[in-house]
Structures are given as C-alpha cells and as structure tokens.
1. Mind listing whichever residues of the range 115-141 are more than 18 Å from ALA240 (Cβ to Cβ) and within 26 Å of the chain's Cα centre (by Cα)?
2. Kindly list the number of the only condition in (1) at pLDDT 80 or above; (2) surrounded by 13 or more Cβ atoms within 10 Å (Cβ to Cβ) that fails for LYS98.
3. Taking the residues in the range 217-241 that are of a type in the set (Gly, Ala, Ser) and part of a strand (DSSP E or B) as candidates, determine which candidate is modelled with the highest pLDDT.
4. Inside the range 55-64, can you point out the residues that are surrounded by 14 or more Cβ atoms within 10 Å (Cβ to Cβ) and part of a helix (DSSP H, G or I)?
5. Conditions first: (1) surrounded by 14 or more Cβ atoms within 10 Å (Cβ to Cβ); (2) part of a loop (DSSP other than H, G, I, E, B); (3) more than 18 Å from the chain's Cα centre (by Cα). LEU189 passes all but one, so which condition is the exception?
Amino acid sequence: MELIWALNSLTPSAIIDILLVALVFFGVSFFIRGTQSVALLRGMIIVLGVAVLISNAFDFRALRWLLDNALTVLAIAIPVIFQPELRQMLQRLGRAGKLFSRAPHETLRARIIEDVCQAAEKLSDRRHGALIVLERNVSLQEYIRSGVHLDCEVNPQILLTVFWPKTELHDGAVIIDAAGRIAAAASVLPLTSGRNLSTPKLGTRHRAAIGMSEVSDAVCVVVSEETGRISITNGGRMIARLDPKRMRTILNAFYGPEYTQNQSLPQRIRDTARDFVARLRAGEKST
C-alpha cells in the first residue's frame, strides 16, 4: 500500500527527475563497462548490499553504524579508484561532435581481419615472429600503455614493418584497439601460468598470447619465429597450425561479422554501446 501511495504521489517533474538520475547512472556504467574496475565496483556493491540486508534483518546496530560511516568514505574513495575511467569518459564525451567519421563497425572489422591475415601469411613465409592482439570488449589500456604509442590505421605494410627482426619494435605485441586502430607496438603482455597448456614447450610469444586471452576477451594472432606456424588464442586456449583459409574463418568467428551475428541480444546491445564509444574515439583520430 505504501508503495502504491508513493507512486500515486509522484508529480511529472519528479518522474522526469528520477529518469534523469537513472540516465546519469546508466551513462557512467556505459562508459566504464568492460574495464577492469567494473569487477571491483560489482564486488563492492555485492558486499555492501549483503551487509545492509543483514544489518536490517537482525537489527545489528554496530554494523549499521559502520555502514553509515563507510558510505561517506566511499563517496570520496570511488572517484579516486575510478579516476582513469572517469577521465576517459569525459574525453570521449568531448569527441562526440565527430561521431560519424568512420566506417561501419562490421565493415571495419572485416577489413582488419583481411589486413591481419595478409600480414600473418607474409610473416609466416618469412619466418618473422609476430604477436597481434585484437581488443574486443574488455579494455586493454593497461597493456597499451606498456608499449610504444602509435595510433595509426591497420594495414599489412605497417604490421610487416613493425615485426621486421631488425626494428626496435619487433619484440612485444601490437595491440589493435576497439576503434580499429593500431594503438601500440612492443607492448608487454602477461604470461600464462602454463597449467592448462597441452604443449609445455612454448615460446614467450605463445605464452603471452595465451596469458592475454586468459585475463581478457581479446583475440591474439601469433606467428612462430622458429616454424612460421600461425596460431590464434582466445579464452585461454590456442588453436595452432592454421592455414590461411582456416585463419580467416576463425578470426571471423571470434572477431568479425560472424562473431557479432552469433551474440545474444543483451551482448549485442553492450557491443553496440561499446562500438559507439569506439566511434567517439575514432572521430577525433581521423582528423
């Protein structure tokens, strides 16, 4: 009854006010979604929610007092914890004026796949080792910052040049960000612990590719320097000894238009929102 009375007492201005507040929270969650801090935020909300329920159900006054004071501290701590995400959100909002200056998302991904495949084939023939990371939903900014900033379009010539053995950037990984641009080269990736490896004698590139796929949803393309064999990692697993045709098929399934079409509706909505953010970023980069 109290709920019905409260709903009936809402004025149009109060309803608009509530919707605006909800929109603000949705906007903030939209811009930080996919970052590593989201897991921390989700954990904090779960812990606080359970603590509030327990304190109210059993009338624990000391716990309630602690929660009342902790919320005040959290109001100050949260902007500090999520400072990188908040800064990126404000930067992206400032780039919204040039939103439509890039190609459609699926078309862009198809072109990136073709460029990566062409480069991987030539690198394989030349026995030049390579590690290419394709960012999807989880942000890889931490690893992008560990490398040399490039911010350029993807094309086979650049990838072949970067992984030429006599260049300074051939060691490490090339990361292609969510906007479809080469964000960095010579990036340092986490190595897998090796617990799930079917082949224990793998090189550093392959271990780094598996390690990256374990801590994120990125897709990694590896070219062996010793054998020239091409492998792809995703979800902590490696598909090895790929020929060009199978490599294109797998990349389309993990990263390209087929990946988008096979997603559930909620995931498509999330990826559409993330693509919107990528377009904001690409709008400024194309100028």
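The values are calculated or read from the model by the stated rules, or taken from the named source; none is laboratory data. None of these values were measured; they are calculated from a predicted model. Backbone-built Cβ (ideal geometry, glycine too); neighbour counts: all protein chains shown.
1. Within the range 115-141, ASP115, GLN118, ALA119, GLU135, ARG136, ASN137, VAL138, SER139, LEU140, GLN141 meet the criteria.
2. (1)
3. Here is the first cut: in the range 217-241, the residues of a type in the set (Gly, Ala, Ser) are 218, 224, 228, 231, 235-236, 240.
Narrowing the set further to residues that are part of a strand (DSSP E or B) leaves 231, 240.
Working: SER231: 95, ALA240: 92.
Per the criteria, the residue is SER231.
4. Matches in the range 55-64: SER55, LEU63, ARG64.
5. (3)
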